[in-house]
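Read through the structure below, which is laid out as structure tokens, and then see the notes.
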Protein chains: 2
Amino acid sequence: MEMRPRDEYKEQQIRQKAIEMIVAEGLDGFGINKLAKAAGVSPATIYIYHKDKEELISSLCVSVAEKMMAFSLQNFSPDMDFADGLRVQWRNRLKYFIQCPLDMEFIEIMRYTHFYEKVTAMLTVNFSEILGAFMRNAEGKKQLIPLPFEVYWAVAYAPLYQLIKFHNQGNSYVNSSFMLNDKLMEQTLGLVLKALKP
Amino acid sequence: MEMRPRDEYKEQQIRQKAIEMIVAEGLDGFGINKLAKAAGVSPATIYIYHKDKEELISSLCVSVAEKMMAFSLQNFSPDMDFADGLRVQWRNRLKYFIQCPLDMEFIEIMRYTHFYEKVTAMLTVNFSEILGAFMRNAEGKKQLIPLPFEVYWAVAYAPLYQLIKFHNQGNSYVNSSFMLNDKLMEQTLGLVLKALKP
DNA sequence: CAAATATAAGTGAGCGTTCGTTTATTTAAA
DNA sequence: TTTAAATAAACGAACGCTCACTTATATTTG
């Protein structure tokens, strides 16, 4: 006298198709009934796994952000040499965006919605502890100019994200077909290190 | 036998409240009936000035982008010295975001919707001509390392946008209250110039 | 110089549709 | 048989948008 087990594949499809739909059509083009059709389930099935639309999207944000952070910190330690540590982080983010391009775009869309507060709250804990420590260590070793955290972050990471943006939208302001590769990343990282080293 | 003149204030209110609403609640929280109430007009009045919801939003994107570009190119010329030219651009963008913070956030929200294609098309024309020329001139004068346009852009502008982002959301990953000011901007610009100069 | 007229601005009510969500029922594993 | 998963159908609410109508203004008319 036991219960019928959940079909994990269905929940997986719901999550996958939801991200695809939001990336393709934006948050305003996203709907529960549409999602149900795309995922091949009944609308009511979605409500077995999620309280409501709000909670579904929040849940997606959190799980994607967790995956991104796990990627980002692979083979990384706060006491690495500055140039090595920054290179590892850049490589990890590039690897993540090549392996999960939809996730990257999904997070960028969410950044300007009220959902992002939950992501920020999570990222703050980890990034402030680990990356804050990395920054302070590098400063101590005289491998990094002492800077306010925001200035450091803006110079150290924003250029990479901009390159990824150009890549994702397939073009920049002048090139009609831009593709990010290892050589371009390495060149940009070189400039950033030049800026940040004493 | 003449006509009743349009009340320009009404159209102005429609546009203003639309931007406020989208910034506050996102594209999915935006609606024609809600907008009509906020602007103090009838829903039907909106359709005197705009074909439909799509055209209204497109029109907002274009006019905001035009205003932003006009700001951005004030007192700027492609044949300025590199450091001076870049400083003028940074100052202009900062001035714009202080003077029109809603516009800035509006554009950022729109960046990840299908409306942004129209903005990109417009920006491409101007930015590629004027800023492309600025970059080539600076290279010719040996004031800028020769770089692919995307790498240049990512290093030269992305850090400023990141600082503005931190400011707009009121906090970064570690600071619970971050405010961008001239001194921080100048410090960051210094790093960027260091990276880009030969 | 009113009063009448023509024109377009502007509106309230409500159309048909789509939305997020729920209910009544069936299906499948234990 | 029991339990929960899963669904098809349908709900009220909210949506974008339109229609029949009123209001305001510039001109023409007497």
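Just so it is clear, none of the values below were taken in a lab; they were calculated from the coordinates. In this text the structure is predicted, and so the values were computed from the model without any measurement. Please note: Cβ atoms are built from the backbone with ideal geometry, for glycine as well, and neighbour counts cover all protein chains shown.
Looking at region A:18-25, is at least one residue more than 10 Å from DNA strand C (Cβ to nearest atom), on the phi > 0 side of the Ramachandran plot and under 19 Å from the mean Cα position of the chain (by Cα)? Scanning region A:18-25 turns up no residue that is more than 10 Å from DNA strand C (Cβ to nearest atom), on the phi > 0 side of the Ramachandran plot and under 19 Å from the mean Cα position of the chain (by Cα).
If you go through region A:92-106 and keep only what is more than 10 Å from chain B (Cβ to nearest Cβ) and in contact (Cβ under 8 Å) with a residue 40 or more places away in the chain, you end up with A:Arg93, A:Leu94, A:Phe97, A:Pro101, A:Leu102, A:Asp103, A:Met104. Residues that are more than 9 Å from DNA strand D (Cβ to nearest atom) and closer than 23 Å to A:Ile22 by Cβ within region B:48-64 comprise B:Ile57, B:Ser58, B:Leu60, B:Cys61, listed in sequence order.
Please determine whether any residue of region B:65-75 is among the aromatic types (Phe, Trp, Tyr) and within 13 Å of DNA strand D (Cβ to nearest atom). No: region B:65-75 contains no residue that is among the aromatic types (Phe, Trp, Tyr) and within 13 Å of DNA strand D (Cβ to nearest atom). The set of residues from region A:168-198 being more than 7 Å from every other protein chain (Cβ to nearest Cβ), outside any helix (DSSP H, G or I) and surrounded by 19 or more Cβ atoms within 10 Å (Cβ to Cβ) comprises just one member, A:Leu180.
Summed over region A:26-54, residues that are closer than 26 Å to B:Ile32 by Cα and within 10 Å of DNA strand C (Cβ to nearest atom) total 12.
Taking the condition of being of a type in the set (Val, Ile, Thr) and in contact (Cβ under 8 Å) with a residue 40 or more places away in the chain, how many residues in region A:20-42 meet it? Of the residues in region A:20-42, 2 are of a type in the set (Val, Ile, Thr) and in contact (Cβ under 8 Å) with a residue 40 or more places away in the chain. Residues that are within 9 Å of DNA strand D (Cβ to nearest atom) and over 27 Å from the mean Cα position of the chain (by Cα) within region B:38-47 comprise B:Ser42, B:Pro43, B:Ala44, B:Thr45, listed in sequence order. Of all residues in region A:1-36, those being closer than 25 Å to B:Gly26 by Cα and not aliphatic (A, V, I, L, M) number 12. Note on region B:134-156: residues that are under 20 Å from B:Thr188 (Cα atoms) and touching a Pro at 6+ places or on another chain (Cβ under 7 Å) amount to 3.
If you go through region B:113-167 and keep only what is facing another protein chain (nearest Cβ under 8 Å) and in contact with a Gly (Cβ under 6 Å, 6 or more places away or on another chain), you end up with just B:Thr113.
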